[in-house]
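The structure under discussion appears below in the form of structure tokens.
FYI, it's all coordinate maths here, none of it is from the lab. Please read all numbers here as calculations on a predicted model, not as lab measurements. No Cβ is skipped: glycine too gets one built from the backbone with ideal geometry, and neighbour counts run over all protein chains shown.
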Amino acid sequence: MREDEERTGDLRVRLVDVGVDLLDREGLGALTLREIARRAGVSHGAPRRHFPTHLELLSAIAARGFADLAVIAATARGDGTDPARVQLDRLARDYVEFALDRPGMYGLMFRHDLLESGHLGLRDTSLPLFGVLVDLVGRAAPGADARVTAASLWTGLHGIAQLWSWGSLQLAIGADDFGPLLRTALDAHLGPEDGGR
């Protein structure tokens, strides 16, 4: 690889790294091309050489979040030998904790109105995560339409994460642990836990 190509690749990675850090520290509102360029130590036009549109840079940043979430999902699944319901319990908790720990990234990842999801392999990163959920739901509740049930469960988890981050659910249920909400959501979509499959 030529030296200028190396620098180009390094700058592309640095721009995404800076964007991820900025998003995690200051949220989506701070994530502008100009601010990313400033923090990366380059001219405000430099990001355009690597990301022709702001949407493409946001998509590359979101792809990093999906990659991080994929690692979390793999950890929750373990070696895959635990019952599907046990894996879903872990995945649900880890998903909500990711949303609460990294609200800026989480908020960007699911804002398809802000992303070029057909570019940069973003769908190739995000859809397999949904596939993991569909697979586990299909094994935990074999009689259900796994795709629809998984989408409904995901909606519930997303709602729990969002409302918990706003403090609304703590007030509503008078508790400081969202674990019972997760168990109730899983029971509602999969039926009561019976040891799993």
Query raised in the report: residue 79 versus residue 166, label points 7 Å from Cα toward the beta carbon: distance in nm?
Result: 4.3 nm
Query - Dipole moment magnitude, nearest 20 debye, region 65-190 about Cα centre, only Lys, Arg, Asp, Glu C-beta charged - result: 180 debye
Report summary line: Normalised per residue, the volume inside the convex hull of the alpha-carbon atoms of region 58-197 in Å³ amounts to 107 Å³
Query - Rounded to the nearest 20 debye, dipole of region 51-105 from Cβ charges on Lys, Arg, Asp, Glu - result: 60 debye
Query raised in the report: Where in the chain are the helices, taken as whole DSSP H runs, whose Cα atoms extend 24 angstrom or more along the long axis and whose Kyte-Doolittle mean reaches at least 0.0?
Result: 54-77, 122-140, 146-166
Report summary line: The relative contact order of the chain, taking Cα pairs under 8 Å that sit 6 or more residues apart, comes to a percentage of 22 percent
Query raised in the report: So between residue 139 and residue 152, what do we pick up on full extension, going 0.36 nm a residue minus the alpha carbon distance?
Result: 3.1 nm
Query raised in the report: If each of residue 100 and residue 53 carries a label point 7 Å out from its Cα toward its Cβ, how far apart are those two points in nm?
Result: 3.6 nm
**Report entry** Dipole of the chain, positive end: most advanced residue of 186, 75, 152 [Cβ charges, Cα centre]
**Finding:** 152
Query raised in the report: What spacing in nm lies between the two simple spin-label points modelled at residue 113 and residue 183, each 7 Å away from Cα in the Cβ direction?
Result: 3.7 nm
